[in-house]
Every structure is written in C-alpha cells, then in structure tokens.
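The values are calculated or read from the model by the stated rules, or taken from the named source; none is laboratory data. Bear in mind that the values here come from a model prediction, so they are computed numbers and not experimental data. Positions of Cβ are generated from backbone atoms using ideal geometry, with glycine treated the same way; all protein chains shown enter the neighbour counts.
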Amino acid sequence: MTMAGIHDAVYAQAADLSAIRRDLHQHPELAFEEHRTANLIAEELRRLGLDVRTGLGRTGVVGILRGDAATATSRTVMVRADIDALPILEDSVQPYRSQAAGKMHACGHDGHIAIGLGVARALVALRADLPGTVVFAFQPAEERASGAEEMIRDGAMRDPRPDAVIGLHLWSPFQVGTVGIKPGPIFASADEFTLIVRGKGGHGAVPQTSVDPVVVAAQIVTALQTLISREISPFHQAVVTVGSIHGGTAFNVIADTVEMLGTVRTYDAADREHILRRIGELAQNVAQSMRATCEFATAIGIPPCVSDPGIATIVYEAAAAIIGEDHILTDCMQTVGDDMAYFLNAVPGCYFLVGAGNTEKGITAPHHSARFDIDEGCLTLGAEILASAAWKILLTQA
Ligand SMILES: [Zn+2]
Ligand SMILES: [Zn+2]
C-alpha cells in the first residue's frame, strides 16, 4: 500500500526532477562555492515545510521532515546527497550543458540533488503516514573529500541524531534500470603519500663516494608491492601505486634526492591503517639499509565506504521489490573513494550505486569525463528506492 504510494508520489514529479537536474547542470558550482545550489535546495525544502538549516560545512543544507505518524520512540533516518561540481570544461551539445566555463557536473551530483529533493517531495506527500523522521543532508565538496567531515563537525548529525544513513551514487558504467547494492565495502579508502629519499649526490662514474637515491627509490618501489602480496589477507583487496617519481638532472650525475608520490586504496579500516603505517616503516628501513634516509608523509585521505549488512539488506529488499533481483548487481565494488564514508562511520548505513548509463542512447562516458551524462530515468528510480528504503528503515524496530 505504502510502497505503491511512494511509486506514484515519485513518478508524479518525473518531469520536475529532470527539470531540476537540468537547471543544476547548467549552473555547476565547485566545492564550497555551492551558493546558488544551496539556496535552491533550501528554498525547495522550506516550500515543502521542512525545518531547514543552512551553512553546515560552509555550504551544506539540512532539512528535517517529521512524519505525522512518528511517536516518541520512532526512528530517524538520514538521506545524504552530495552537491558539488568539478573543474572540467564540458564537451556537450545538449541544451542543458554547463553555462559556467570550466565547471561541470561530471560526476552526477546534479542528479543526486534532484533525487534527494524528489525523495523529500514524495515523503511530504505521504507525511500523514510517515512513521518517523527523515533528515536530508545535502553535502558540499565531496570532490575535495572534505565536505562531509565539515558538515558533521557543524552538527549535521545532531538534533536529531539519525539511527541510520542511506545514500546513492549514480553510476554511468551501469545501465539505467540496474543498481549495485552489497553489504560491507563498496567504495575504497583513498589516501595520498609522499616519500622523499635523501642520498648524497656525486659523479655518475664514481658511485662509491655517493649514496644514490635513485637505486634506493627503485628498491622502495619494489618493496612496497610486497605489502599487498605478503601483509594483506588474500581475501582482501588493496592497491599501492607509486604514480610519480622524480630525481636527478643529468645522465652522469648521481642525484641528491628522489621524490615519490603515490596512492593507497583499501576496503577495510585496519588494512588502511596497516598499509599507511608500513609504507613509512618499509621505506625508511630500506633507505637506512642502503645508507640513505627517507621522509614519509600522508595527505588528507578518506576511509572506505562500508555498508552495514542490516541496512544494506533493507535497501536491497526495497530495490528488489521495485526492479526485481535480476537487476541488482552485488559484485559492484569500486576503487574510487567518497566521503560518504564519514556518515557511514558515524551510524550504520548503506551507500549504493544506481545505473545511469545507456549504451543505446550513447550515454557511456565515464565519471569525471568532459562528455559525462546520465540517462534521466535514473532520477525517478533512485528516488523511489531511497524513499522506499527510508520508509522501511523507519518501520524497523530499534
Ligand atoms: Zn566524482
Ligand atoms: Zn561523485
């Protein structure tokens, strides 16, 4: 009864969701500059009668919807959507292409906003029966991996404290009409590291008077690969990549220093901690054994996105009732990162993928590409799954 009501309430505004997405697509704003975007969201949420808070994490917006069927003991669920665009010059002939040169919604966050607002509209229409509280969190600066932390620090998860959090990422590699849902990790952690090997420069023909940091760096690069093969469970996945290596100036000169930059991806908090710590230890010990020194530093990173099995099951059942199990991919782990991880670390939740590609229509460009686009059929489907899952979570006893 209710689930059919959600379907009708979402599909009644299909044209509006598309129009909202296209408007946002034409007016992309970069991380922490999402002022027009945040205003549009806040105005819509106020129009719907939600309690609205702005300025959380600088440009984040929270809207609180209290169902009329809520009781003193009923639950609260958070629906999270990210809102920022990327510094990319869009390559598109569509009438809704970006009007801001060099800025583009190339990750589908415009669709996430439309979906979040669609969920709010549908649940407001059904407010009389809504058995709890839904908190909508529109998060800035996902692409800089710092908006979620700032929003949470500013109180996005207080008053009320959610019991669970759900969210989705549109996914162009998956066909529209399919979704990816699995318990446990779905997006990887993403960390950046720097290694600076210091030796002692000299003449390339007189190595015995030097300490060659190029040879030391080569040993370190090789040694780092043993962290995955020898120190992480063969049942876990992880990546250590040295993506940049620089040292030396001439063919016959031994350099003083070599600088390396790399990234680490894991799906498990303990693996992440272990690898990051061991990169430093291994590099420093290899360097020391070869008479050099090595400095190790990490830049801001994000933890893996790990879905709670219980909440993931609820989302899976909600999606299965809508599109059938045949259209749900459970082998859907990705090596990209997303700061939804901070919400998922705070309360049990589920992050899942909603197909947005359509090979027949030529919508195949990857995320973060200048030709990225979505099949807008994903908007109604995404909103229906999120709204149904939120409702089911509220019905679950604490
Ligand atoms: Zn992205
Ligand atoms: Zn994204």
*asked:* Can you find a residue that is assigned by TED's automatic domain parsing to the domain that holds GLY362 and within 16 Å of ligand 1 (Cβ to nearest atom) anywhere in the stretch 35-46?
replied: yes
*more than 16 Å from ligand 1 (Cβ to nearest atom), surrounded by 17 or more Cβ atoms within 10 Å (Cβ to Cβ) and β-branched (Val, Ile, Thr), is that true of VAL286?*
yes
*Test ALA106 against the criterion of being within 21 Å of the chain's Cα centre (by Cα), under 20 Å from ASP373 (Cβ atoms) and aliphatic (A, V, I, L, M), and give yes or no.*
yes
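This table checks each residue for (1) more than 16 Å from ligand 2 (Cβ to nearest atom); (2) of a type in the set (S, T, N, Q); (3) within 22 Å of the chain's Cα centre (by Cα).
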site	(1), (2), (3)
SER289	yes, yes, no
ALA312	yes, no, yes
GLU317	yes, no, no
THR330	yes, yes, yes
ASP339	no, no, yes
PHE343	no, no, yes
*Residue selected from the stretch 1-35 under the condition in contact with a Leu (Cβ under 9 Å, 6 or more places away or on another chain), within 22 Å of ARG97 (Cβ to Cβ) and not aliphatic (A, V, I, L, M), by the criterion surrounded by the most Cβ atoms within 10 Å (Cβ to Cβ)*: PRO28
*asked:* Regarding the stretch 370-380, can at least one residue be identified that is touching a Leu at 6+ places or on another chain (Cβ under 6 Å) and within 18 Å of ARG121 (Cβ to Cβ)?
replied: yes
*Given the conditions (1) more than 21 Å from LEU379 (Cα to Cα); (2) of a type in the set (Gly, Ala, Ser); (3) within 16 Å of ligand 2 (Cβ to nearest atom), and given that ALA69 satisfies all but one, which numbered condition is not satisfied?*
(3)
*Does ARG161 satisfy being basic (Lys, Arg), outside any strand (DSSP E or B) and within 13 Å of ligand 1 (Cβ to nearest atom)?*
no
